[in-house]
Structure formats: C-alpha cells, structure tokens
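Colleague: To start, I am sharing the structure in question, which I have written as structure tokens.
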There are 2 protein chains.
Amino acid sequence: MINGVGRDIPDEIKGYGKVRHYKGAFEYVPTGNRYGPVKKFIKPGEDKIMTLRNVIKKYVKDGMTISFHHAFRNGDVLVNRVLDICSDLGIKNLRLFPSALFPCHEPVIEHIKNGVVTRIEGSMNGPVGEAVSHGILPYPAVLRSHGNRYRTVEAGEVHIDVAFIAAPTSDEYGNANGIYGPTPCGPLIYSKVDSLYADKVIVVTNNLVDYPAFPMTIKQTDVDHVVVEDNIGDPKGIVSGTLRITRSPRRLKIARTVVDVIRASGVLKDGFSFQAGAGGISLAVTKYLGEAMEEEDIVGSFGMGGSTRYLVDILKKGRLRCILEGQCFDEEAIKSLRENPNHVIVDPSFYANYNSRGNAVYKEDVAFLGATEIDTKFNVNVNTHSDGLLLHGIGGHQDVASGARICIITAPLLRDRIPVIVKDVTTVTTPGETVDVVVTDVGVAVNPRRKDLLEKLKAADIEVRDIKELQEEAYDIAGEPEKPETKDRIIAVIQYRDGSVIDVVKEVKE
Amino acid sequence: MINGVGRDIPDEIKGYGKVRHYKGAFEYVPTGNRYGPVKKFIKPGEDKIMTLRNVIKKYVKDGMTISFHHAFRNGDVLVNRVLDICSDLGIKNLRLFPSALFPCHEPVIEHIKNGVVTRIEGSMNGPVGEAVSHGILPYPAVLRSHGNRYRTVEAGEVHIDVAFIAAPTSDEYGNANGIYGPTPCGPLIYSKVDSLYADKVIVVTNNLVDYPAFPMTIKQTDVDHVVVEDNIGDPKGIVSGTLRITRSPRRLKIARTVVDVIRASGVLKDGFSFQAGAGGISLAVTKYLGEAMEEEDIVGSFGMGGSTRYLVDILKKGRLRCILEGQCFDEEAIKSLRENPNHVIVDPSFYANYNSRGNAVYKEDVAFLGATEIDTKFNVNVNTHSDGLLLHGIGGHQDVASGARICIITAPLLRDRIPVIVKDVTTVTTPGETVDVVVTDVGVAVNPRRKDLLEKLKAADIEVRDIKELQEEAYDIAGEPEKPETKDRIIAVIQYRDGSVIDVVKEVKE
C-alpha cells in the first residue's frame, strides 16, 4: 500500500508481521488498554544482590527480549558483557531491545553471527547498523523514536523479559540514579519504561550506597535484583564527535540564519521554549539563542534536553525558568542536574509519548534538528546515508518535529560533495507535514503549509527560496545522486512515533 | 471461615462479593498481571481547561467510581463540591473512593441519604464513619491501608472512572504539585495511583501557573482536564488536634519509655531509620528521638513521614540523611519539601505497596504507632471504638507494623476510663504477629515471638510485663468493657494490606 508519505509498503513484512500503515502525523487514535505488567512481591529481609552471571542463568532463556539504556552512549559496556555471558551459557535467539547502540557495540555483530542475537529493535549508530544493512540479521530490525519506544512497551507491543539497567548509583534495594557516583551518565530515564514493564528488572551498579539512594529514577518497587560490577560504562564515551560546536564557517552561517528565522517568526519573547540537542549546528544555535535572549532581555520558559553546557549556561544566566531533561550530553549537564533544582528529569513519555495526554514537545515554540537528507516534500531522513546504509537512529527527531510549533531542519546543501537536498529521501524518517523550515548554507525554504511563517520571514527581509530550487542547485553542483542498489529483502522497519510503519530499509548489494 | 487472626468471616459478603480470607502477614503471594489503564491521546494545541460542572456533566455517570486525595485533611472542600454538583445533576449510585474523609465531609451523609453515594471505599474519620456504623450505606464500606489503596487500584480490584485531584499548583496541561501556591497541602502523592489508572483524570487548581509547573507530582501525560476554582481547600485544616505534642505527663512518660526501648534494642546507631507520624505521643517520641540522636552523636538514614516540624528539625540538624515523604502534617514540613533536596516525596507504592519488590517500611528499624485497642494476642484496633462505632481509617498502620523491624504500639492503659488493653479487640486492624512491643503508662509488654527483644530489654533493666497482666490491671480498675451491641449486618470490611479480609464491622444497635 502507498502510505501517507508516498512509500509503497507491503501489508505484511516477513519477521515483522502485519503492518499498520502510516497515514499522517496525528491520524492514528489509540484505543483499548495498555499492557498490565506482572505483579511483584518480596518479603522483608530478602536480599536482592546477585551476580550478573547468576541473574542471566536464572532468568534469560532462548528467544527472550532483553533491554538496555544508552545513557553511556559510546562508553557503554553492559550490552557486550551481558551478551558475552549469554553466549557463554549457550543462550540463543535473543531479541535485543536497547534504546540505542553505538560504535562500541561492534562485538554485537559476532553475537548475531553466532545466533545469540537474532533480532534488534533499537537505534543502531554505526557498525551494527552497517552490518545489518548487509543482511546479517535474520529478522528485520525495528527503529523507533524515543517517545515511540516508551509507547511500544506501554502498549504491550514489545514485551521485555529482562531489563538490564546500568546504574552509576544504587542502593541494595535497587533505587538507582545516574547523576551520582564515580561514573555518572546523566538521567537513567530511558530505562524507566523498562523498569515499569519488564518481567524482571536488574540494576547493575558500580556504586552501591546506603539505603535509600535518591533521586529514585529507578525504584525499588520495580527492581528484582541488584548486581555489583567494577565497570558499568565510561562517562567519557558520552561526549562524542557530534557534541562539539561546529567550526565550519558554512555551518556557523546556518546556525546564525536559524536564529534570524526564530527572531523573525516572533516567538523570541518571554515564555519562549525550545528543543536543544546535539550536533555541531544545533550546539551553535543553542549558543547564539542564549546570546539573543540576553540581548532581548527575555526569560524563556523551558529548554528541552538532551542538554549540554550551552543549554546549562542559559539556565544559569536566568534566561530559562527550567531545563526538562531526558539525557545529558556532557559532564556540565550532569553537574547541573545535581546542583540546580530547576534542571528537572522527565521521562520519555512526558517528553514525547504519542499515546498520552500531552508531551513536552507539544509545548515547544521552536526546534532545530539535523538531517542526512531532506527532500522537496520536506520529508527528512536521519537513518540512512545516500548509499543506503543504516547508520543512525531516529532519536527524538519525529517526536520533536511533530510537536514543536516551528520545526527547523538545518543542513548544508552538500555533504562530502553529495546533495543533502534531494528529490526523494532514501528513507523517510520524519514526514514533511511536520517540518516547517529548512535552513541551508545557501538559503532558507519554508513548507508551503506554513504561509504564516513565510510572510513573517519575508517581512523580516529573510530571503526565502523554493526548496526545489535548492535541490536543483545541489544537483547542478554535484550531479544527481545515484540511488543505492538494494536487494528486495527488508532489513529494517522505520516506525513512525505512533507505531505505524513510515518506511522500510532494504538490504544493500555488496 | 476462621481467618488468620481468629475472626469468623463469611466466604461471601453481600454487596462486597467473595472474600479472600486473611491468612498471615506475608502468606499471600500475588500472581498474574496488573490492570492496564486506557491508552490516552491528545493533539498539540488542544485546550484542557474546563469547568468543574462541565467535567462532571461530561464524564460522571450513574454507578461510577470517583476518587479524591486527603492532603487537605479537614480543610478539604472538593469532595463536597463535586458531590453537590453530582446531586444537582441527578447523578446516583456513585462509589466514593477517597484516600480519606474527615469531619469536614459530614455533608456526604446527606448525599448518601439521597442516593447520590451508595458506596464508600476509603477511610472515614468522624461523622461519616459514625453514620455508616448506623447502617445508612446500602453497600458495606471498604477500608484499606495507604499501601493497599495503591495495590488495589494497580491490581484492577477497584476501577476509578473519574479522579478529581485538588492541586495547589498546576499548569494548563495538568502538571501539578502540592507544595507551591497560596494554599499548599504537601505532596499530592496519594493521588498518584489515581492519575495513573483512572479513565479520566481531572486536576482542580486555584493556582494556574505558566507551563511547565514542577515538580510534576501529577503529570500532563495522565491528566485529561484542568479545572480552575477559587477555593480547593484550606491548608489550616491539615493541622488537626492529633498534631500537637501531648502535654499529659502520663503520655509523655510513654514517649520516654519508647525511646528507652529503642535504645535498649540496639538499633539507635548510625544508619538508624524510623517511621514518624502524627498523634500526641508519636510527636513526643519523634522529638525525644531527635534529642537522643544528638546525644549519641549518630546520623540516621531516613525518617519516613507523614512529617511534622519535629521530624524536619532532625533533618535540619543533620541527624538524618533524608526524609521520605508521603504527606505533610504541618506547614514546616511543606516548607522543608520546597527547600530541602533531602526531603524526598515518595509514592504510597514505594512506601507500602504489598504487590511490589520492596517498600520503605521494610527498611525501617523502628515504628511507634497508636491504637484505640490492643488485645492480649497483640492484635491492634485503630478503626472502631469500644462502642463499635467506626471512627477512624487505617492510615499506614498495617503497612508500617508489617515492615518495621521493631513495631512499637503506644497507648495509655485506660482512655476515658475505658480499658485500651483488652482480651479481644473490637476490630482487628493490624495482626498481632506484626506487633513487637506495647508501651503503656504502666509498663511494657513484648510479643513472645520476639525473644531477642525481650532479652535486650531485660538486659537494659526495662521492666517487661506480660500483656495479660496489663489487661487484667485495666479490667481491675475500670471493669471489663461491655461488648458493643451490634446487628448481623456487615457495614464495613477491613482489608489487610494484601487485599484479604482481616475483619468486618457490624451495624451498631441504636
């Protein structure tokens, strides 16, 4: 069937099942009830401490689903360690359900080859995604946004058998947080839904403290066992390459234009709210926005994390009432969570769960997000490269775009001499109907749906170009990009935030 | 059937249904799954603001269950206001599911007589309980502990159709808390389970603030509508008669003896934890305990609220690492919640939910609780008076007694010339197997199950008397109390914290 973004998706996908087709950003209306997790019980005095090996031996069986958070990002060690033990114990056919994988998870590829892991549902940033693009996984991978991962578990669409939660601080009853201890990683809040819904919840800590540990991001009521390990992850891995402000004059120009667009749109006033994020351009925008808020002497309401020191600076200067936090991208953000009561941890449901009575993203004036490709219908791809390789997760991209009153996509016209503005994106991650403005180094395009914005930008003397013109300019310089050569087999399903299928990724030819 | 505390309870109770009999404090092992609440949805831009009357008109239908919290205690106005509107709209047969009712809720009696309310499940302190004792309610009332109320909703044993949550501060999306605004009432955390499980969640506030309000004790994701009213409750009603330290020398002596018992038991050392509470004797014990901690130069781990300025003082002096808070009994406690990051709100599930992987009460060294009657089997009654009238709720009594390593019950031998230590309590609220020590003004009794404590108390030269001896002394002075004259009809069911039936209350004869 041709879905709401013009993609031809089969009604059933082998290894995935029946497809609910994407219709539109807010077309799906959820009905029925959420999943009711298992009732738990303990007698006073029962000891929850166990070794990781014994936990796995006792609870992880062939074919089960095991889950992890990604707060340590490229510093994570727990996924590999658990899979090594599973492999050692001869456990097979696991479904891996991490919130995200990073280059450090390259060893997962070996576990796929050995049959320990046969399914992955979660973001795959880097080598695992690349290997999956070449067809090594028996089942299609499933990619979901941050909000959709929460929605999916809550709705009972994925049942987690055993959740493993790397916790920089925990007491012996499993009250855990990620902001204290020798190796803090930020809020553990991506594991919140795992802790609420998994049959068995295992907190793995390198910092066992006296009862009660607080804040209780993960709670004793949900935690079955606590494991103490020497190493649960390296906070240095949190800061990756995408977490430095860009030095490219071309990209700094994009960032400045974004701030011009925000000013022109009339939202930069008291009560202003925005989505911050990582990526060189977004960091620069955050910095410039802070300066603009100073200049105009305004106090915004909230900045939504993932946060960095640039966002924290704005809070510190009193230019924001609060930061709502989902993940920390540097140490300064974690420090701020410890010290500033106006830096508030919120869970991915609060942030972006479609099946709820309201998200923080619905209250955002502005978001500025990146892209690997943008097409002339304003559809955005953040998952695959033009060669068809699946190299990135969705993150909160779909969630934020659908919610923010003004969703701005930033990208250079060309990247490594390959057009970024294209006729058709290789993969639709985020539907064009939720994208309002595209800012490139050679001009700004406004979605024709947003005549109001178009007028405001023109009134502010911002030159607005037709997005087709930008695409043509890109093709004039670099030529029309070749379509990736793919086989018929679907190796990944891209869900929209409401759980429908917005696109699929096919196996690339060698 | 004769249950685990020797009460003869029918296998089925008219208007209540099949009885699961109480067997023992930790005999019941929950199986199966929790209730899965309805999926919710909203589009960005949808306005949640409605009037109270329109909310009731739209959502409250005959036979439904409506719920409330009791954080304003005797200053609550919302229960009466909602019932008045329901009455006005001709709505009948409601089940009222408050966490507790107080004397201010006397108007509920009229609504029972008019058929607006036919069922009450919740604590009834004062006139409503008295009226129910005389048989005005068509269905038996059901009384539950704090932890059991949470367990019941989570398990799907009570389905809340519409939850009304009086909120001293809320934004227009329903993020609400009870610690800010002109009329703070403390944490709203007793409504947490209502907000998570009710079909419709209505926040009623007199202090609508800019988005986002935080802390988000109640969250936007769960809130269907926000109502703005001038008056949602009077914080002065929070402080009731039971919240002043006793001046009676007899009761102060009891308080001092409790501290002697705690010292003798060997737990008063670094890491010490205890349950605080209201009531004249408990307040005095809290104060004396704080002094003892100073004297011995120890730092405890946590004090569990409901808290008062006496508990807050201990925290302020650095003698406790934290307070875990469920409800505030005075303004100083609410102020502390605003100002002290070590004063931490926890929900009733964390505190005391039997169907969970662990409660704060299981980590308490000591609790000191009151009683209307204690019998020679150490069973405690906190619900009825010796005349059979149902005048008090359970509060956290069963929860705390079952969890704390040393559960001390404090009471004078006689109250208004009526024996408190009796052969058989009028109503069993808390089973004797969970009670360790009874401290009266004429001596201390230790449950024979606790030989360890008995030895420690003797070693510390605390005179320990047989509880039968205390009962006989009471009867010698005041005579054997007359049994209340009751009819056969059961007007209230007393559940144990695991949801089983521990006792019933019968209609009193006029």
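Coordinate-derived values only; no laboratory data. It should be emphasised that the depicted structure is a prediction, and the values quoted were computed from it without experimental measurement. Neighbour counts run over all protein chains shown; Cβ positions are idealised from the backbone, glycine included.
Colleague: Can you give the calculated 222 nm mean residue ellipticity of chain B, where each DSSP H run of n ≥ 4 adds -39,500 (n - 2.57) and the sum is split over every residue, rounded to the nearest 500 deg cm²/dmol?
Modeller: So the calculated ellipticity at 222 nm is -7500 deg cm²/dmol.
Colleague: I would also like to ask the following. Within segment B:41-121, which GluC sites (Glu not before Pro) sit in a loop by DSSP and count at most 13 neighbouring Cβ atoms inside 10 Å?
Modeller: In loop regions of segment B:41-121 (DSSP not H, G, I, E or B), the sparsely surrounded GluC sites (Glu not before Pro) are B:GLU46.
Colleague: Just checking the output field for B:213-226: average partner chain Cβ neighbours within 10 Å of each residue's Cβ?
Modeller: Average neighbour count from other chains, rounded to a whole number: 4.
Colleague: Hey, another quick one. What does the convex hull of the Cα atoms of segment B:363-447 come to per residue, in Å³, rounded to a whole number?
Modeller: 78 Å³
Colleague: Is the shape of segment A:199-306 best called rounded, prolate or oblate, per the rule: a/c under 1.5 gives rounded, else a/b larger than b/c gives prolate, else oblate, with a ≥ b ≥ c the square roots of the Cα gyration tensor eigenvalues?
Modeller: prolate
Colleague: Can you list the distances in nanometres, one decimal and ascending, from the B:PHE26 label point to the identical position in each other copy, with the point 7 Å along Cα to Cβ?
Modeller: 5.1
Colleague: So, one more: Could you work out the Kirkwood radius for the protein assembly as shown, taking every pair of different alpha carbons, averaging 1/r and inverting it, reported in Å?
Modeller: Details: mean 1/r = 0.0331 Å⁻¹.
Result for the protein assembly as shown stands at 30.2 Å.
Colleague: By count of other Cβ within 10 Å, fewest leading, how are B:TYR139, B:TYR354 ordered?
Modeller: The fewest-first ordering by Cβ neighbours comes to B:TYR139, B:TYR354.
Colleague: 7 Å along Cα→Cβ for the label point: how many nanometres lie between A:ASN80 and each equivalent label in the other copies, listed shortest first?
Modeller: Its label point is 6.7 nm from the equivalent points in the other copies.
Colleague: What whole-number distance in Å separates the alpha-carbon centres of segment A:397-451 and segment A:177-200?
Modeller: If we compute the Cα centre of each part, the gap is 33 Å.
Colleague: OK, next. What nm value, rounded to one decimal, do you get for the distance between A:ALA459 and A:LYS269 when each label is placed 7 Å out toward the C-beta?
Modeller: 1.1 nm
Colleague: So how do B:SER145, B:SER99, B:SER282 line up by other beta-carbon neighbours within 10 Å, fewest first?
Modeller: B:SER99, B:SER282, B:SER145
Colleague: Then there's this: Any idea what % of Cα-Cα pairs in segment A:241-485 are farther than 24 Å? Before the final figure, lay out each step's value.
Modeller: On the way: 12754 of 29890 pairs.
Of all Cα-Cα pairs in segment A:241-485, 43 percent lie more than 24 Å apart.
Colleague: Can you put A:LYS23, A:LYS317, B:LYS192, B:LYS48 in order, fewest other beta carbons within 10 Å first?
Modeller: A:LYS317, A:LYS23, B:LYS48, B:LYS192
Colleague: Taking a point 7 Å out from Cα toward Cβ as the label site, list the nm distances between B:ASN93 and the same residue in every other copy, smallest first.
Modeller: B:ASN93 label point versus its equivalents elsewhere: 5.0 nm.
Colleague: Where in chain B are the helices, taken as whole DSSP H runs, whose Cα atoms extend 20 angstrom or more along the long axis and whose Kyte-Doolittle mean reaches at least -0.5? Spell out each step's value before the answer.
Modeller: Numbers: long enough: B:249-265 (24 Å, 0.03); B:280-295 (23 Å, 0.24).
Helices meeting the span and hydropathy rule in chain B are B:249-265, B:280-295.
Colleague: Another question, then. Pairs B:LYS192/B:LYS363; B:LYS92/B:LYS200; B:LYS253/B:LYS316; A:LYS269/B:LYS335; B:LYS287/B:LYS335: which exceed 30 Å Cα-Cα?
Modeller: Violating the 30 Å limit, Cα to Cα: A:LYS269/B:LYS335.
Colleague: What's the Kirkwood radius of chain A in Å, using all Cα pairs? The partial results should precede the final answer.
Modeller: Working: mean 1/r = 0.0432 Å⁻¹.
About 23.1 Å for chain A.
Colleague: Quote the relative contact order of chain B in percent (integer), defining contacts as alpha-carbon pairs under 8 Å separated by 6+ residues.
Modeller: 16 percent
Colleague: What's the minimum Cβ distance from chain B to the axis relating it to A, in whole Å, and which residue gives it?
Modeller: Rotation axis B onto A, closest Cβ, rounded to whole Å: B:GLY36, 2.
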